[in-house]
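The values are calculated or read from the model by the stated rules, or taken from the named source; none is laboratory data. These numbers were taken from a predicted model, which means no experiment stands behind them. For neighbour counting, all protein chains shown are included, and Cβ atoms are generated from backbone atoms with ideal geometry for every residue, glycine included. Note: accessible area is taken over every heavy atom of the protein model, side chains too, but ligands, DNA and RNA are not part of it. Shrake-Rupley method; radii C 1.70, N 1.55, O 1.52, S 1.80 Å.
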Amino acid sequence: MPVRPGTARRAAPRAAVVTAGAAADGRRLSLFWMLLPFALGYGGSYFFRNVNAVAGPVLAAEFGLGPGDLGFLTSAYFLAFSAAQIPLGIALDRWGPALVNAVMLTCAAAGATIFGCADSEAMLILGRCLIGAGAGAALMSAMSAVHAWAPGGRAATYIGLVMTAGGLGAILASTPTQWLIDAHGWRMVFFLLAATSCAFACANLGVARRARQPAAAGQSLARLLAGVVSIYADMRFWRICVPLMFTLGTMLAFQSLWAALWMRDVAGIADPLAVANVLVAFNLGMTAAFLTAGWLGDTLKARGVPHVVTVKAFLALALVAQAWLMAAPAFLPHLAWGMLSYGANALMLGYALLAEHFPAELTGRVNTSLNLMSFSCAFFVQWGIGLVVSLWPAAGAGYAPQGYYAAWGILFAVQLVAVGWLFAAGGKSSAP
């Protein structure tokens, strides 16, 4: 059949568009499968982080732990997590995210096994430290993978999608975990966590074989450490870091332990299942933040609103929610805790904000430097709350509400100062 003149010329551009679209779809599908193991690992790490919010009362009863002991045990996760961050950042930039995450998830599996077999407080702390060190790579490796492999300009969106798995892990660490503990005991929970962590480590090894070499693969240790120094010497890093670390540290301390005890002792929610249901709302707020904050930040930035403005809005939301919870702890607690969770967890946009300011080869170290400060803060906040609460005599089966108010009041005042510094910087803070 003869072809009319011009038909072939018109068909060629259409074919090129179809081919380009198919190639883009293929890249997105490949990116999905490469990021999936990181998302699974992050979901597991968030389960590890929050499981003591449900298991804490059982552990306290079985091992005779007071509020300070329980606070230190749970915060040992944050201590080990923080200690691992700088070596982790160097390893991510040197060997790549997939291989490093596989090794660290194996460490978390070993910690979960020790924790599940524990017959003393010392063994619990050792297991919790190994869990914290191992789980500390989950989000940072995912962020490094996104910045290395995802399309430019949408990094915050992809990071948010990966972090959604963390929200799902946190949800599983609330009411479903309470059911599992009631049915099979807390030790079975940690044995299951060990098995799943090993499976996720194997999945990351599969990705490591396909991934390209990181940008800093050939750098010496001295040069890698010099990059860390340059990050901490940059005042713009601190202007973003300080308000984020105090807000995130407070949220993490409550999410992983003190929220459940606050609800029991201050808000008067005595039923453990009712407390677990409020934690579900908290974790739903977190999941919503992970799903929307990155997309919202990237969308607003494309329309001329810098990331720093959106970060300020999220900080304000978290402060309002904390004021609500202290003023009326029993009034719509599901909504109040969900609001706090959304505002604080949406601050993941701060990681993308800082990454814009530094060279790509520093991405792993930038993220882990901010993480080091946030989780170190969470360790001291979580432990410190326990120490402050223990200053008041126990009230029946719980702790005195005055201790909780004193601890949270101090934290709230510190956050106000830190956030005020960022707001006072005005346009200068938009430089990152």
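Assuming 0.36 nm per residue, please report the length gained on full extension of the stretch Gln402 to Phe191 beyond their Cα-Cα distance.
This chain segment gains 72.2 nm when fully extended.
So what's the angle, to the nearest 10 degrees on a 0 to 90 scale, between helix 7-63 and the longest Cα principal axis of the chain?
Roughly 10 degrees between the two axes.
With every protein chain present, what is the per residue accessible area of the chain (1.4 Å probe, Å²)?
On the way: 16890 Å² over 432 residues.
In whole numbers, the chain has 39 Å² accessible per residue.
Please report the equivalent ellipsoid semi-axes of the range 240-395, computed as sqrt(5 x eigenvalue) of the Cα gyration tensor, largest first, in whole Å.
Three semi-axes, in Å: 30, 18, 12.
When the accessible area of the chain is split by element with a 1.4 Å probe, what percent falls to carbon and sulfur? Numbers along the way, then the final one.
Working: 12110 of 16890 Å².
Roughly 72 percent of what the probe reaches on the chain is carbon or sulfur.
Among Leu99, Gly249, Phe47, which residue has its Cα furthest toward the positive end of the charge dipole of the chain, with +1 on Lys/Arg Cβ and -1 on Asp/Glu Cβ?
Farthest along the dipole direction, towards plus: Leu99.
Once you place label points 7 Å from the Cα toward the Cβ at Ala424 and Val229, how far apart are they in nm?
3.0
Filter the chymotrypsin sites (Phe, Trp or Tyr not before Pro) in the range 277-346 down to the DSSP loop ones having no more than 16 other Cβ atoms within 10 Å, then list what survives.
Sites meeting the loop and neighbour criteria: Phe331.
Would you mind getting me the FRET efficiency between Leu387 and Trp238? Use the beta-carbon distance for r and R0 = 25 Å, nearest 0.05. The partial results should precede the final answer.
Values: r = 27 Å, r/R0 = 1.07.
Approximately 0.40, to the nearest 0.05.
Residue by residue, what Karplus-based ³J(HN,Hα) values in Hz, rounded to whole numbers, does the range 175-186 have, using 6.51, -1.76 and 1.60 with θ = phi - 60° and x for Gly and Pro?
Here the 3J(HN,Hα) series is 4, x, 5, 4, 4, 5, 5, 4, 8, 10, x, 6 Hz.
If you build a Gaussian network model of the chain, linking Cα atoms that sit under 10 Å apart, which residue out of Arg223, Arg128, Arg94 swings the most?
In the Gaussian network model the winner is Arg223.
Explain nothing, just compute: Karplus ³J(HN,Hα) = 6.51 cos²θ - 1.76 cosθ + 1.60, θ = phi - 60°, for every residue of the range 224-234 in order, whole Hz, x for Gly and Pro.
Working through the residues one at a time gives 5, 5, 4, x, 5, 4, 5, 5, 6, 7, 8 Hz.
In deg cm²/dmol, rounded to 500, what helix-only [θ] at 222 nm does the chain give when every DSSP H run of at least 4 residues adds -39500 (n - 2.57) and the total is split over its residues?
Roughly -27500 deg cm²/dmol at 222 nm, from the helical runs in the chain.
Which residue, Ala83, Val311, Leu124, has the largest displacement toward the positive end of the dipole of the chain when charges sit on each Cβ (Lys, Arg +1; Asp, Glu -1)?
Val311
On full extension of the chain, what length is gained from Leu291 through Val320, given 0.36 nm per residue of separation minus the C-alpha to C-alpha distance?
Answer, rounded to one decimal: 8.3 nm.
Need the C-alpha centroid separation for the range 349-372 versus the range 121-152, integer Å.
One Cα centre to the other: 15 Å.
About the Cα centre, and with charges only on the beta carbon of Lys, Arg (+1) and Asp, Glu (-1), how big is the dipole of the chain? Nearest 20 debye, please.
Numbers: 23 positive and 13 negative charges, 427 e Å.
Around 2060 debye, computed over the chain.
So what's the gap between the Cα centers of the range 261-316 and the range 26-90, to the nearest angstrom?
For the range 261-316 versus the range 26-90, the Cα centre distance is 18 Å.
Just to confirm a number: summing +1 for Lys and Arg and -1 for Asp and Glu over residues other than Leu273 whose beta-carbon lies under 14 angstrom from that of Leu273, what do you get?
Neighbourhood net charge equals -1.
Tell me which of Gly384, Ala321, Leu35 sits at the most positive position along the dipole axis of the chain, charges placed on C-beta atoms (Lys, Arg +1; Asp, Glu -1).
The residue sitting farthest along the positive end of the dipole is Leu35.
With each pseudo-label sitting 7 Å past Cα toward Cβ, what's the Ala395-Ala183 distance in nm, one decimal?
Calculated label separation equals 3.5 nm.
How are the Cα pair distances of the chain distributed, in percent, across 20 Å bins from 0?
Per 20 Å bin, starting at zero, the Cα-Cα P(r) for the chain comes out as 27, 56, 15, 3, 0 percent.
Top mean-square fluctuation among Ala346, Ala145, Ala397, Gaussian network model of the chain, C-alpha springs under 10 Å?
Result for the chain, Cα springs under 10 Å: Ala397 fluctuates most.
Expected output is a single nm value to one decimal: the length gained when fully extending between Leu221 and Ala327, i.e. 0.36 nm times separation in residues minus the C-alpha distance. What is it?
Contour length minus the Cα-Cα distance gives 33.1 nm.
Once you've got the GNM for the chain with C-alpha springs shorter than 10 Å, pick whichever of Leu70, Leu192, Leu257 has the biggest mean-square fluctuation.
Leu192
Using the basic label-point model (7 angstrom from Cα toward the beta carbon), what is the Phe412 to His334 distance in nanometres?
Taking the two extended label points, one gets 2.4 nm.
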